[in-house]
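The values are calculated or read from the model by the stated rules, or taken from the named source; none is laboratory data. A quick note: this is a predicted structure, and the numbers were derived from the prediction, not measured. FYI the Cβ positions are ideal-geometry reconstructions off the backbone, even for glycines, and counts take in every protein chain you see.
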Amino acid sequence: MEESTSREKLLKKVRHALIYKTDNPFPRVDFESPVYKPLSDTSDVNFAQEFTKVGGVFIYCENEVEAVSALSALNTECEWHNIYCAEPEIQYLLTQAGVPFESDEESIQNVNVGITGCEFLVARLGSIMVSSKTSRRMNVYPEVHVVIAHSRQLVDDLKDAFAAVQNKYSGKLPSLLSVITGPSRTADIEKTLVMGAHGPRELFLLLVESSASDEEI
């Protein structure tokens with residue numbers, strides 16, 4: 001009797017496939033070899049180049065003293081106001097820089113500048129991996145997102161970032177992981193590029209050179 005429905009025809013094919021398995025047509029495929037070529041530059045240089053290409057502002061700091069100076073200069077030059085920061089280590093840097101900030105979560109939706117840490121920096125893509133434990137929605141609400149990271153947080157590829165975050169949290173991942181590649185932008189409306197459509201229109205990255213005695217931000 002001929003099958004009367006598409007569902008029955010599909011189930012017959014599935015049963016047939018389970019009974020009469022097909023040999024792997026590509027038995028010699030190497031799934032362990034890297035997909036991409038090795039980076040042509042060091043991780044920090046490659047990250048800076050790719051990050052700048054997608055519209056990010058990259059600032060290198062030899063130490064936290066330079067990071068404090070950079071924050072002070074940016075605050076003055078960009079005339080920042082309504083700044084939000086929830087992370088104690090970064091709050092300390094802002095206090096040293098004389099930059100006023102809010103830390104009350106009730107003020108999140110009204111902030112203009114969010115300053116956070118991150119999980120890792122993906123050198124090949126110029127991307128920043130953030131999580132619910134680091135960004136605290138700062139990659140969504142404010143017009144400006146400032147990320148402060150250490151050079152030890154640089155990894156070559158996205159797979160390395162996922163492996164590193166798994167190791168960092170011993171498999172108990174944060175509830176949200178996001179990868180940011182440049183400021184928020186879209187060209188959905190009349191093919192016109194609009195910055196800040198779904199998040200910050202400006203993205204700054206302060207990369208602080210790590211030392212053996214540094215504590216993680």
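Numerical summary
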item: Matching residues in segment 67-82 - criterion: being free of Cβ contacts under 8 Å to residues at least 24 places away in the same chain and either part of a helix (DSSP H, G or I) or under 12 Å from Pro100 (Cβ atoms) (or both); result: Ala73, Thr76, Glu77
item: Subset of segment 1-12 [surrounded by 10 or more Cβ atoms within 10 Å (Cβ to Cβ) and at pLDDT 85 or above]; result: Glu8, Lys9, Leu10, Leu11, Lys12
item: Matching option when the condition is surrounded by 14 or more Cβ atoms within 10 Å (Cβ to Cβ), at pLDDT 75 or above, not in a helix (DSSP H, G or I) and not charged (D, E, K, R), among Ser170, Ser210, Ser175; result: Ser210
item: Those residues of segment 101-133 which are in a strand (DSSP E or B) and of a type in the set (D, E, K, R), in sequence order; result: Glu102
item: Unique residue being over 13 Å from the mean Cα position of the chain (by Cα) and surrounded by fewer than 16 Cβ atoms within 10 Å (Cβ to Cβ) when the list is His81, His150; result: His81
item: Only one of Glu64, Glu89 that is touching a residue at least 60 places away in the same chain (Cβ under 8 Å), under 23 Å from Lys133 (Cβ atoms) and either in contact with a helix residue (DSSP H, G or I) (Cβ under 9 Å, 6 or more places away or on another chain) or of a type in the set (A, V, I, L, M, F, W, C) (or both); result: Glu64
item: Filter pass, Arg136 being among the charged types (D, E, K, R), modelled with pLDDT of 95 or more and either part of a helix (DSSP H, G or I) or under 17 Å from Leu173 (Cα atoms) (or both); result: no
item: Number of positions in segment 139-156 that are in a loop (DSSP other than H, G, I, E, B) and either among the charged types (D, E, K, R) or within 22 Å of Glu66 (Cα to Cα) (or both); result: 2
item: Positions within segment 128-183 being among the hydroxyl-bearing types (Ser, Thr, Tyr), over 20 Å from Ile59 (Cα atoms) and either without any contact (Cβ under 8 Å) to a residue 12 or more places away in the chain or touching a helix residue (DSSP H, G or I) at 6+ places or on another chain (Cβ under 9 Å) (or both), in sequence order; result: Ser131, Tyr141, Tyr169, Ser170
item: Single residue of Leu10, Leu39, Leu18 found to be in contact (Cβ under 8 Å) with a residue 24 or more places away in the chain, out of contact with any Leu (no Cβ under 6 Å at 6 or more places or on another chain) and either in a helix (DSSP H, G or I) or over 17 Å from Ala149 (Cα atoms) (or both); result: Leu39
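Residues are listed down the side, and each one gets a yes or a no for (1) at pLDDT below 90; (2) of a type in the set (Gly, Ala, Ser):
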{"residue": "Phe26", "(1), (2)": "yes, no"}
{"residue": "Lys37", "(1), (2)": "yes, no"}
{"residue": "Thr42", "(1), (2)": "no, no"}
{"residue": "Val45", "(1), (2)": "no, no"}
{"residue": "Gly55", "(1), (2)": "no, yes"}
{"residue": "Glu66", "(1), (2)": "no, no"}
{"residue": "Cys78", "(1), (2)": "no, no"}
